Structures are given as C-alpha cells and as structure tokens.
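A quick write-up on the structure given underneath.
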Amino acid sequence: MKENKISVGQAETDFRQVEQAVSETGQIFIYENNQPKYFIADISKTNILADMTENEMTEVIAKRILNKYLPAFEELAK
C-alpha cells in the first residue's frame, strides 16, 4: 500500500506518483516544510468530512475564514 503523503517537490516532479497514490489510498496529503499543505482526494471513494477529526474540520474552517477576511483582520490589527 502506498503512503498517503508526499512532499511538494515530489509532487511537482512526478504528479503521476500523486495520481497513483490517490487511486490506491483514496487520498493524499502534500507536505511543505514537514507540514501538510494540500489534500487531494478521490471524491468518488472518500467521504472527506466523515474521515476528518473535529480538530481537522475546525482548522479547515478557520483557515478558510482567515483567508477570506485577511484584509479586514489586517486592518483591524492596525
């Protein structure tokens, strides 16, 4: 079974490896600086939200809100 994580560099060099891993495992995390940066899933095989812990869902939602309203947060920080 393939590991379900890969580095950004590996993904850039050989995206076919990413596709194969997703086909086999249903999902893959792409890491940058030893931190998960991207998540790719075969949506026909994976129920993404059901597989996430509550903390992971909270982190995704928080990141989405921060990215969406970053200019407002920066303005408020002044």
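The values are calculated or read from the model by the stated rules, or taken from the named source; none is laboratory data. Predicted, not measured: the structure shown is a model, and the values here were computed from it. Neighbour counts are summed over all protein chains in view; Cβ atoms, including those assigned to glycine, are modelled from backbone coordinates with ideal geometry.
Structure values in brief
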| item | result |
| --- | --- |
| Check on residue 27, surrounded by 13 or more Cβ atoms within 10 Å (Cβ to Cβ) and not hydrophobic (A, V, I, L, M, F, W, C) | yes |
| Residue within the range 41-53 that is modelled with pLDDT under 90, part of a helix (DSSP H, G or I) and charged (D, E, K, R) present | yes |
| Residue list for the range 30-78, restricted to those being surrounded by fewer than 13 Cβ atoms within 10 Å (Cβ to Cβ) and of a type in the set (Asp, Glu) | 32, 51, 54, 74, 75 |
